[in-house]
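First up is the structure itself, then whatever we jot down about it.
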Amino acid sequence: MKKPYLLIAGHRYYPSADTGDWKGCYSTAEEAKEQIEYIDHPQFFTSGKMKGQLKGNNITYKIGDDVFDWYEIVDLREWAE
């Protein structure tokens, strides 16, 4: 198998029922991971005594021109056995 690492990504934390989440196959897991840009969205308290303080971070993943909530890199050789 020339490109055994499948990159999948989607929205709302649930995979789709078909192959719409499949983004591409790559020779190495590192090559697949290079396709992903991490986007950090800091979240702040907007009211109350902690107003303006950092509440937490929300991370999304940009692959190509699209932004996703989650991604996974699957080694297809595990499925082919």
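A few comments on the model shown:
- Test: residue in the range 33-43 that is surrounded by 11 or more Cβ atoms within 10 Å (Cβ to Cβ) and of a type in the set (Ser, Thr, Tyr): no
Rundown of residues vs (1) of a type in the set (A, V, I, L, M, F, W, C); (2) in contact with an Asp or Glu (Cβ under 7 Å, 6 or more places away or on another chain), yes/no style:
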| position | (1), (2) |
| --- | --- |
| Tyr13 | no, yes |
| Gly20 | no, no |
| Glu30 | no, no |
| Ile36 | yes, no |
| Pro42 | no, no |
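- Among the residues making up the range 42-67, a single one is of a type in the set (Lys, Arg), assigned to a strand (DSSP E or B) and without any contact (Cβ under 8 Å) to a residue 24 or more places away in the chain: Lys55.
- Looking only at the range 7-27, and only at residues there that are under 14 Å from the mean Cα position of the chain (by Cα) and assigned to a strand (DSSP E or B), the one that is surrounded by the most Cβ atoms within 10 Å (Cβ to Cβ): Ala9
- Pairs where the first residue, in the range 29-41, is more than 14 Å from Pro4 (Cβ to Cβ) and of a type in the set (Val, Ile, Thr) and the second is exposed (fewer than 13 other Cβ atoms within 10 Å of the Cβ) and modelled with pLDDT under 95, C-beta under 7 Å, 6+ apart: Ile39/Ile59
- Condition broken by Glu30, with the remaining ones in (1) exposed (fewer than 14 other Cβ atoms within 10 Å of the Cβ); (2) within 18 Å of Gly64 (Cα to Cα); (3) at pLDDT below 95 satisfied: (3)
- Taken over the range 42-81, residues that are farther than 15 Å from Leu7 by Cβ and in contact with a Phe, Trp or Tyr (Cβ under 7 Å, 6 or more places away or on another chain) amount to 7.
The values are calculated or read from the model by the stated rules, or taken from the named source; none is laboratory data. The structure presented is a predicted model; accordingly, all values stated were derived computationally and were not measured. Don't worry about glycine lacking a Cβ; one is built from the backbone with ideal geometry, like all the others, and counts go over all protein chains shown.
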